[in-house]
Amino acid sequence: MSNLLDRFFVYHPAPWIDRDWARASGLPLQDIWFQAEDGTKLFGWYVENRATPVVLLWCHGNAGNIIHRLDNLVELYRLGFSVFLFDYRGYGRSQGRPTEEGMYQDALAAYDYLAKGRRVVPERLLLFGRSLGGAVAGHVAVRRPAAGLILEGAFPSVAAVARVHYFGLPVDWLLGAEFNLTDRLAALSMPVLVIHGGLDEIIPIELGRQVFEAARPPKDFYLVPGADHNDLYAVGGRAYFQRLRQFAEQVVKVR
């Protein structure tokens, strides 16, 4: 029962749309097929930019697929970052159905692709998790080395979100998914940047501050005052991307 409710309340994947996305975006998108530990076939885009040594592993949120992150990807590429943006199982072209444990497997497989297939060393790698992807990126962070972790619009746990939106009722008891980021942050010892929108109604800012409080130093909190949950990079504009660059310059060490 809980798995059925998870599919309704937690995961909102969108089907793939066939198009020449590289041409539409103007990006040098490389199609990447890779496999999770359980054999699930996964798809992502790798965009290489040698302007900086930074490589970003992007764990997106619970809705849509990688197509819906293209505008943001363009800006990250302009910033000089290489980016691996992938879809979890059941999203876009990736096979299977989304589950919490499956998504953790998918993100670890994406990390391993960068480490083995691209020979990206941890000192160059930033983990980026947006919304539900924050817990996914946090899971990777406690199991694999990286230069730093960026959490945007993230929440402490599914239970914390449920309490906010359902008047304190324990509706999370009906769900199988937990996505407990707080516990992972308590075990983490890498630099963390927490970003949150001041007008976020989906994940209110108090939840973002709880995420920040759970993280161990070194850490920083960056507020985008007029931003909601899904428009931080658009509302934040140049200052937002400068903050990302600043964090990258602080933590990415290349010998």
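The values are calculated or read from the model by the stated rules, or taken from the named source; none is laboratory data. Fair warning: this is a prediction, and the values are worked out from it, not measured in the lab. Quick reminder, even Gly has a Cβ in these numbers, built from the backbone with ideal geometry, and neighbours come from all protein chains shown.
Numbers for the structure displayed
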{"read-out": "Which numbered condition VAL55 fails, given (1) free of Cβ contacts under 8 Å to residues at least 60 places away in the same chain; (2) closer than 19 Å to ASP112 by Cα", "value": "(1)"}
{"read-out": "Selected residue (criterion: farthest from the chain's Cα centre (by Cα)) from residues of the range 50-64 that are buried (at least 18 other Cβ atoms within 10 Å of the Cβ) and not hydrophobic (A, V, I, L, M, F, W, C)", "value": "PRO53"}
{"read-out": "Identity of the residue in the range 197-255, among the β-branched types (Val, Ile, Thr) and part of a loop (DSSP other than H, G, I, E, B), that ends up surrounded by the fewest Cβ atoms within 10 Å (Cβ to Cβ)", "value": "VAL254"}
{"read-out": "Filter pass, TYR77 being hydroxyl-bearing (Ser, Thr, Tyr) and either more than 25 Å from VAL121 (Cβ to Cβ) or without any contact (Cβ under 8 Å) to a residue 24 or more places away in the chain (or both)", "value": "no"}
{"read-out": "Residue in the range 112-134 that is assigned to a loop (DSSP other than H, G, I, E, B), modelled with pLDDT of 95 or more and under 19 Å from ASN230 (Cα atoms) present", "value": "yes"}
{"read-out": "Cross-chain or 6+ apart pairs with Cβ under 8 Å, the range 102-122 first and in contact (Cβ under 8 Å) with a residue 12 or more places away in the chain, then among the hydroxyl-bearing types (Ser, Thr, Tyr) and in a loop (DSSP other than H, G, I, E, B)", "value": "GLY102/THR40; GLY102/TYR88; MET103/TYR88; GLN105/THR40; ASP106/THR40; ASP106/TYR88; ASP106/SER94; ALA107/TYR88"}
